[in-house]
1. Hey, among the residues in region 202-211 that are under 26 Å from the mean Cα position of the chain (by Cα) and either part of a loop (DSSP other than H, G, I, E, B) or without any contact (Cβ under 8 Å) to a residue 40 or more places away in the chain (or both), which one's surrounded by the fewest Cβ atoms within 10 Å (Cβ to Cβ)?
2. Does region 231-256 hold any residues that are more than 16 Å from Ser185 (Cβ to Cβ), buried (at least 24 other Cβ atoms within 10 Å of the Cβ) and not polar (S, T, N, Q), and which are they?
3. What residue, of Ser400, Ser429, is over 23 Å from Asn213 (Cα atoms), small (Gly, Ala, Ser) and open to solvent by 80 Å² or more (accessible area, probe 1.4 Å)?
4. May I ask you to list pairs of residues, at least six apart or on different chains, whose Cβ atoms are under 6 Å apart, with the first in region 215-228 being closer than 16 Å to Tyr300 by Cα and among the small types (Gly, Ala, Ser) and the second being open to solvent by 10 Å² or more (accessible area, probe 1.4 Å) and part of a strand (DSSP E or B)?
5. Of (1) surrounded by fewer than 19 Cβ atoms within 10 Å (Cβ to Cβ); (2) more than 20 Å from Lys296 (Cβ to Cβ), Met194 satisfies all except one. Which?
6. Looking at Leu339, is it assigned to a helix (DSSP H, G or I) and open to solvent by less than 20 Å² (accessible area, probe 1.4 Å)?
7. What about Pro228, is it part of a strand (DSSP E or B) and either open to solvent by less than 10 Å² (accessible area, probe 1.4 Å) or farther than 23 Å from Asp372 by Cβ (or both)?
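The values are calculated or read from the model by the stated rules, or taken from the named source; none is laboratory data. All values derive from a computational prediction rather than experimental measurement. Cβ placement follows ideal geometry from the backbone for every residue including glycine, while neighbour counts extend to all protein chains displayed. SASA here: full protein model, heavy atoms, side chains in, ligands and nucleic acids out. Shrake-Rupley method; radii C 1.70, N 1.55, O 1.52, S 1.80 Å.
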Amino acid sequence: MKKLIFIVLLQLAAFSALAHVGGHGTPTKTWKLAHDTLEANFIKQEGDQVYLSDKENNILTFNINEFSKADQQFIEEKAQWILRANTASHPHEFDYGYLLMAFGAVLLFFPVFKWGKRYKKGHLAYGALGLVLMVIGCKNASGKEKSATANLKVPANDVSFMESVFGAFDKVTTRYDDRYFYVESDGIPEHEMMTGISNWQQQVPIDQDYSGNNAWAIPLQPELAETPLSTKTNFMKGAIAIAANGLPIFNPLNNRGEDANAIGELDQWGGHCGRADDYHYHLPPTHLQEQVGEGKPIAYALDGFPVYGETDEELDESLGRFNEEGSYEYHAVEEYPYLIASMRGKVQLNPRTKAPENEIMPQAKTKGVRPDLRPLKGAKITGFKTLAPHSYELTYTLGSEEHTINYGWNEEGEYTFEFVHPDGTSTTSTYQRKKQDR
């Protein structure tokens with residue numbers, strides 16, 4: 001009897017482990033379109049849009065009215081079946097996953113009650129088998145099937161469209177090769193900066209050389225990731241996207257894992273400066289929408305997918321959705337995580353970094369000109385003015401007193417910082433940027 005039970009349990013384990021091999025994919029079907037026929041797999045239907053996958057795993061999008069009446073009926077029935085399947089319980093996951101865990105628990109604790117009796121080796125074998133069954137059952141009970149779209153090809157980015165997005169800003173230049181679309185800028189936006197920050201580390205915005213080999217690089221051919229990496233536990237170093245005005249967008253969480261917006265580190269435009277006095281955003285720059293134009297992205301993620309403003313469309317767990325062209329796009333939301341909850345596309349990681357500070361490559365580098373400072377507790381930035389090209393005035397309050405920093409730089413790479421104290425006295429510091437850093 002014991003041998004019989006042992007064999008049955010092993011068979012259950014094997015069946016459960018293999019139950020999802022190959023998935024539940026829809027077989028290839030011949031579709032009759034208005035003026036053509038097509039061999040493809042059905043993926044999903046969203047409203048009037050139908051998504052198919054051809055033999056090369058390219059995503060194809062059609063309006064449902066383009067199909068024959070018979071195919072339209074098939075699509076409706078298939079969509080309803082998928083809906084029911086996704087909202088109902090999954091017998092394989094429950095029956096075999098949790099059943100195996102239950103049997104495994106019984107076998108695992110069997111030696112505890114029988115240890116004092118004979119057949120200790122047999123009891124240990126039951127315990128070991130129980131542990132194995134619990135592991136297999138747990139994987140089947142809690143594991144989700146990989147996304148059906150993970151291996152699908154998405155269209156390449158349209159270079160002319162990207163040029164129109166970044167071309168809305170005079171200070172941004174672009175170029176491209178066969179792999180990347182490059183974005184060059186000086187790191188200084190055309191809007192005001194810094195006002196409203198109440199948790200300040202005493203940095204101020206200076207120019208950065210995001211050009212040449214240090215330009216921002218956006219993949220021309222995005223690829224869907226099999227397992228998207230969450231921004232809650234990744235990418236707390238470096239940029240995750242590039243705004244349309246050529247400014248980097250960092251993770252909404254700072255490098256300590258805190259919501260930078262919630263703790264007062266950001267200005268009214270969702271940005272602040274890093275330790276190299278480099279200005280960057282931590283929130284989606286939705287204020288750029290008016291300049292880029294309605295219906296255009298405000299940024300591109302470093303996985304190659306565009307980032308749009310807010311939408312009424314339903315978004316997935318990454319804060320994105322598939323669009324009518326069969327590609328993927330992120331959208332901004334008002335609350336944390338604000339944008340890109342997880343990186344839906346494949347990214348290359350800097351091997352010298354580890355989560356949560358794993359950095360996406362390629363990544364443009366920043367160059368500071370002075371030692372980085374530390375937080376000035378109680379300070380609040382109340383004003384920021386452009387006095388002349390490359391010349392700025394920042395005002396902040398500390399307690400009831402007002403302080404001013406007048407700073408700027410010249411063509412020779414000389415940076416001057418004048419600190420005006422509440423009593424009218426001032427101190428000045430000057431720094432020289434190395435030629436190789438310019």
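1. Selected residue: Ser211.
2. Of everything in region 231-256, those that are more than 16 Å from Ser185 (Cβ to Cβ), buried (at least 24 other Cβ atoms within 10 Å of the Cβ) and not polar (S, T, N, Q) turn out to be Phe235, Ile240, Pro252.
3. Result of the check over Ser400, Ser429: Ser400.
4. Final answer for the pair search is Ala215/Tyr182; Ala215/Glu184; Ala217/Tyr180; Ala217/Tyr182.
5. With respect to (1) surrounded by fewer than 19 Cβ atoms within 10 Å (Cβ to Cβ); (2) more than 20 Å from Lys296 (Cβ to Cβ), Met194 is out only on (1).
6. Taking the combined requirement at face value, the residue does not satisfy it.
7. Spelling it out, Pro228 is indeed part of a strand (DSSP E or B) and either open to solvent by less than 10 Å² (accessible area, probe 1.4 Å) or farther than 23 Å from Asp372 by Cβ (or both).
So that you can scan it fast, the table gives a plain yes or no per residue for (1) part of a loop (DSSP other than H, G, I, E, B); (2) of a type in the set (A, V, I, L, M, F, W, C); (3) at pLDDT 80 or above:
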| position | (1), (2), (3) |
| --- | --- |
| Thr30 | no, no, yes |
| Lys55 | yes, no, no |
| Ile59 | no, yes, no |
| Phe62 | no, yes, yes |
| Gln72 | no, no, yes |
| Ala79 | no, yes, no |
